[in-house]
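Enquirer: Dropping a structure here in structure tokens format, bear with me for questions.
Here, each number is a calculation from the coordinates, and none is a lab measurement. Every value quoted in this text rests on a predicted model; they were computed, and no experiment measured them. Neighbour counts run over all protein chains shown; Cβ positions are idealised from the backbone, glycine included.
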Amino acid sequence: MSIFIIYNLRVIKVKILFYISKAYSIPIIEPLVKQCNRDEIKFALYVSKKVKAALPEYWKKLEIFSFLGEAISYNPDFVLVPGNFVDYRIPGIKVEIFHGLGVEKAAHYKIRHLFDVYLTSGPFVTEKYNQLQQKHKYFYVKETGWPKVDHILNFPKQNIRKSLNLPEDKKIVLFAPTHSSKMQSATALMPIIPQIIQTDEIWLVKFHELMSKEISEKFSQQNANIIQINSADITPYLHAADLLISDTSSVIYEFMTLDKPIITYNTTGRVDKGINISEPTELRAAIDQSWQNPTEFSANRKDHLSQINPYLNGEICQNVLATLAEIKQNDLIPKKRKPLNLFRKAQLHYHEKFKKGYLR
């Protein structure tokens, strides 16, 4: 069915515009870019300066826009957005594909009246968006899975530690806190981390792109067994790591697709997805417990993923493109118009005038 629909997508000459404002969104879009290339679907990228500088080398041969006028002139049928905002002046059906699996965060379900379609990751999120659709009525909801999961599961992991210059004989711990001020664990855990590292461990620390500089700059690499990651794509480090420490970050669900142990600090939901601690002093014992029994929470992880993102066959991007074809062919967008949304439009123009563009 998917192959037939994607074939029709090519026949009717659908054009896709990927709207990318943050560098961490590149691996969300990358598997879709590859799928579009495989299926000969026409697409282009509209990116911020920061994203353009971080693009993979082979992307630089693609059709890339840096200015709004170029994106408007491209006249896409669909604008796919791994983020919360999109410029209303660009033609086409605006499709939210989400910038993460932050399903515990209220912002994940905030309707900003910018999108015509929401492509959800799994039943838990779909149910909430179906309820929102009944309230607002103007957008379409379809469950496809989250595209970055394809990127994670299909990532070439052979000799991954060697390619990252990481030792094969050490246990690798990945610390990846969220940036949200109310949920982040960095402030509490960073002071204790250098004190508890053991000689047979390497710790990788990955701060979110939006993490407060005041917090991230306090981090001191005073221990030779700590490596700070600056790459926009955390995926290779997910494969290299034996254990993840986080809080309520979306990266937890990304790591769960690999079925490896997780420690959370004051997580706000699904506390049984790993060992959840409430005090920094509990961290070392939780790590030791994870080393002793890495499969302890495996069944819980699989159960939670069945609700958050059950699509683990590497075919989410095919689902996304098939859904776009269905929308185009069957005119599935509700006829009710979006609200005028004057505040969001004014906000966009403010950023454009005083902050050198909204896609920044």
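Enquirer: Answer with a single label: of (1) -1.02; (2) -0.83; (3) -0.92, which was calculated as log10 I(q)/I(0) by the Debye sum over Cα atoms at q = 0.12 Å⁻¹ from the structure in view?
Expert: Correct label, based on the coordinates given: (3).
Enquirer: Then there is this: Starting with the fewest neighbours, write out LEU114, LEU258, LEU17 ranked by other beta-carbon atoms found within 10 Å of each beta-carbon. Before the final figure, lay out each step's value.
Expert: Working: LEU114 19, LEU258 15, LEU17 29.
Neighbour counts put them in this order, fewest first: LEU258, LEU114, LEU17.
Enquirer: Over the chain, with a Gaussian network built from C-alpha contacts below 10 Å, which listed residue (LEU238, LEU174, LEU340) shows the highest mean-square fluctuation?
Expert: Result for the chain, Cα springs under 10 Å: LEU340 fluctuates most.
Enquirer: Given the convex hull of the Cα atoms of the range 160-308, what is a quarter of its surface area in nm²?
Expert: Numbers: hull surface 33.1 nm².
Over every viewing direction, the Cα hull of the range 160-308 projects on average to 8.3 nm².
Enquirer: Net charge near LEU55: determine it from the other residues with C-beta under 13 Å of the C-beta of LEU55, scoring Lys and Arg +1 and Asp and Glu -1.
Expert: Numbers: positive: LYS22, LYS49, LYS50, LYS52, LYS60, LYS61; negative: GLU30, GLU57, GLU63, ASP233.
Surrounding charge for LEU55 is +2.
Enquirer: Name the lysines eligible as straight-distance cross-link partners of LYS273: C-alpha to C-alpha under 18 Å, and not fewer than 8 places from it in the same chain.
Expert: Result set, ordered by chain and number: LYS105, LYS260, LYS302.
Enquirer: Scan around HIS113 for amide H atoms under 5 Å from its own, H built in the peptide plane at 1.01 Å from N, and keep only partners 5 or more places away or cross-chain.
Expert: Answer set, sorted by chain and number: none.
Enquirer: Mean-square fluctuation check for the chain, GNM, Cα pairs under 10 Å: which of LEU348, LEU80, LEU321 is largest?
Expert: Taking springs between Cα atoms under 10 Å, the residue moving most is LEU348.
Enquirer: Something else now. Please give every one of the aspartates and glutamates within straight-line cross-link reach of LYS338, meaning a C-alpha to C-alpha distance under 16 Å, and leave out same-chain neighbours fewer than 8 residues apart.
Expert: Those aspartates and glutamates meeting the cut-off are ASP87, GLU96, ASP116.
Enquirer: How would THR323, THR295 line up from fewest to most surrounding beta-carbon atoms within 10 angstrom?
Expert: Details: THR323 21, THR295 10.
Fewest-to-most ranking of THR323, THR295: THR295, THR323.
Enquirer: Once you've got the GNM for the chain with C-alpha springs shorter than 10 Å, pick whichever of LYS148, LYS335, LYS15 has the biggest mean-square fluctuation.
Expert: LYS335
Enquirer: Here's something else I'd like to know. Taking the beta-carbon count within 10 Å as an exposure proxy, list ILE316, ILE333 from fewest neighbours to most. Provide the component values of the computation, followed by the final result.
Expert: Details: ILE316 26, ILE333 14.
The most exposed by this proxy come first: ILE333, ILE316.
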